[in-house]
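Here the structure is laid out as structure tokens; the discussion comes afterwards.
Readers should treat all values here as calculations from the given coordinates under stated rules, not as data from a laboratory. Keep in mind that this is a model prediction, so the values were computed, not measured. Quick reminder, even Gly has a Cβ in these numbers, built from the backbone with ideal geometry, and neighbours come from all protein chains shown.
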Amino acid sequence: MDFTISQSIDLSGVTCPLNFVKTKAALAQIQSGEYLEVLLDEGEPILNVPRSLKDEGHVIVRVTPQDTRFKLIVRKA
């Protein structure tokens, strides 16, 4: 799958629900159909943020493990 990241944010060390709030703020800065890259910690962040984004209609394109973090690619609805 070929896509261009419009914005990238590093939310390492940011706890729930603040990481979801910051992800939503970043999504608000890009256009529908564009891609956001988010770095999240393991545990609650990588479980909760993607689920909440899907609930709002966004598409989780890819989740890639990176040591103790995850790189999440989201396409804005």
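Of the chymotrypsin sites (Phe, Trp or Tyr not before Pro) found in the stretch 1-49, those in coil by DSSP whose Cβ has at most 13 other Cβ atoms within 10 Å are Phe3.
Look at the dipole of the chain built from charges on Cβ: of Pro50, Ala77, Gly13, the Cα furthest out on the positive end belongs to Ala77.
Each Lys and Arg Cβ is given +1 and each Asp and Glu Cβ -1; about its Cα centre, the stretch 7-76 then shows a dipole of about 220 debye. Bridging of Lys76 to aspartates and glutamates at a Cα separation below 13 Å is possible for Glu34, Glu37, Asp55, Glu56, once same-chain residues fewer than 8 apart are set aside.
Extension gain, Ala25-Asn48: 0.36 nm per intervening residue step, less the Cα-Cα distance, totals 6.7 nm. Less than 5 angstrom separates the built amide H of Ser8 from those of Glu37, all sequence-distant by 5 or more or on a different chain. In degrees from 0 to 90, rounded to the nearest 10, what is the angle of the helix 18-28 Cα long axis to the longest principal axis of the chain? Approximately 10 degrees, to the nearest 10.
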